[in-house]
Amino acid sequence: SSGINAEWPLRPGNRIGNNGLAALSEAIATNNCNLTTLWINNNGITEMGLCALAAALRSNITLSNIYLWGNELKNTACNAFEQLMEGGKPRLLQHNTDVVPYVVDGITYLAETGHYLFSH
């Protein structure tokens, strides 16, 4: 069958945008795909698309590596990914992404991680 492969890079500048990521997120959440890595750096995605992806990750157990730096990382999206990365058993491990959450004056932000810069 023609499903989603284990690693799917969306090259920077492809501009998948919110609608494209929302459709992909629906497939990730509802289909039993074997996607393990998703590269969506610099693809013109805003909070809407990133929050759809974060919600999909709650029901998908195979997608473990997500690279999303360079998109519009506003408050709601930052909070959604912080929740995935926090707690006793985080859904998204810090070494499997290119962002790390931090809080300033009660507001969550995502910063680009250095390990991604040096390994890719």
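The values are calculated or read from the model by the stated rules, or taken from the named source; none is laboratory data. The structure displayed is predicted, hence computed values, not measured ones. Positions of Cβ are generated from backbone atoms using ideal geometry, with glycine treated the same way; all protein chains shown enter the neighbour counts. Keep in mind that these areas ignore ligands, DNA and RNA; they rest on the heavy atoms of the full protein, side chains included. Shrake-Rupley method; radii C 1.70, N 1.55, O 1.52, S 1.80 Å.
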Complete set of residues in the stretch 61-120 that are assigned to a helix (DSSP H, G or I), open to solvent by less than 80 Å² (accessible area, probe 1.4 Å) and either at pLDDT 95 or above or closer than 22 Å to SER25 by Cα (or both): ASN75, THR76, ALA77, CYS78, ASN79, ALA80, PHE81, GLU82, LEU84, MET85, ASN96
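If you go through the stretch 41-66, how many residues are touching a Pro at 6+ places or on another chain (Cβ under 9 Å) and under 13 Å from THR97 (Cα atoms)?
Step one: list which residues in the stretch 41-66 are touching a Pro at 6+ places or on another chain (Cβ under 9 Å), which gives 41-43.
Applying the additional criterion that residues be under 13 Å from THR97 (Cα atoms) yields 41.
Summing the residues that are touching a Pro at 6+ places or on another chain (Cβ under 9 Å) and under 13 Å from THR97 (Cα atoms) in the stretch 41-66 gives 1.
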Which numbered condition GLY20 misses (of (1) open to solvent by 50 Å² or more (accessible area, probe 1.4 Å); (2) farther than 17 Å from THR108 by Cβ): (1)
